[in-house]
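Undergrad: Just dropping this structure here.
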Amino acid sequence: MALLKILIFPDPRLRTVAKTVEKVDDKVVRLTEDMLETMYDGSGIGLAATQVDVHKRVIVIDISENKDKPLILINPEIEEITDPIKKSYSEGCLSVPGFYEELERPGEIKISFLDINGERQTEVVNDLLSVVIQHEM
């Protein structure tokens, strides 16, 4: 695994639209491993591939206290807002170091994504996980 360079705002590459991952292959698996290592090194809880200058629809997240429950989302999509009541969290970003802002987002969403094995998954997520997914997308 390798630490990746995180792009820092206002780098224009952060605005690049990410492309769909066509196939979950060894290259994508290595990318997710490197992204997780980079996220943990930066004490983050989420990281999008665009933040490391790879413009693919790949997100890694780990909101567990012990940083031992990584979640990998490939080609994630929000299918439905299942609870429109907003949740408020102080959000930060590894690409905007030292800046935090209180934001409100839907508290529960239904998402679909490919997992690390290329299998389509659908889940309803809420609270902090819902907020982190929305932030990274």
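Undergrad: Just give me the residues in region 1-32 being under 22 Å from residue 93 (Cβ atoms), out of contact with any helix residue (DSSP H, G or I) (no Cβ under 9 Å at 6 or more places or on another chain) and in a loop (DSSP other than H, G, I, E, B), in sequence order.
TA: 9, 10, 11
Undergrad: Could you tell me whether residue 88 is at negative phi, among the small types (Gly, Ala, Ser) and modelled with pLDDT of 95 or more?
TA: Details: at negative phi: yes; among the small types (Gly, Ala, Ser): yes; modelled with pLDDT of 95 or more: no.
Answer is no for this residue.
Undergrad: Just give me the residues in region 57-88 being in a strand (DSSP E or B) and buried (at least 18 other Cβ atoms within 10 Å of the Cβ), in sequence order.
TA: Listed by number, the residues that qualify are 58, 59, 60, 61, 71, 72, 73, 74, 75, 76.
Undergrad: Six or more apart or on different chains, Cβ under 8 Å: which pairs go from a residue in region 4-24 that's among the acidic types (Asp, Glu) to one that's surrounded by 13 or more Cβ atoms within 10 Å (Cβ to Cβ)? Could you list them?
TA: 11/95
Undergrad: Moving on to the next point. Please find, within region 91-129, the residue that is farthest from the chain's Cα centre (by Cα) out of those that are under 17 Å from residue 72 (Cβ atoms) and hydroxyl-bearing (Ser, Thr, Tyr).
TA: Across region 91-129, the extreme among qualifying residues is 122.
Undergrad: Do any residues in region 101-120 that are outside any strand (DSSP E or B) have Cβ atoms under 9 Å from those of residues that are surrounded by fewer than 16 Cβ atoms within 10 Å (Cβ to Cβ) and charged (D, E, K, R), where the two are at least six apart or on different chains, and which pairs are they?
TA: Partner pairs satisfying both residue conditions: 118/23; 118/25.
The values are calculated or read from the model by the stated rules, or taken from the named source; none is laboratory data. What you are looking at is a predicted structure, and each value in this text was computed from that prediction instead of being measured. For neighbour counting, all protein chains shown are included, and Cβ atoms are generated from backbone atoms with ideal geometry for every residue, glycine included.
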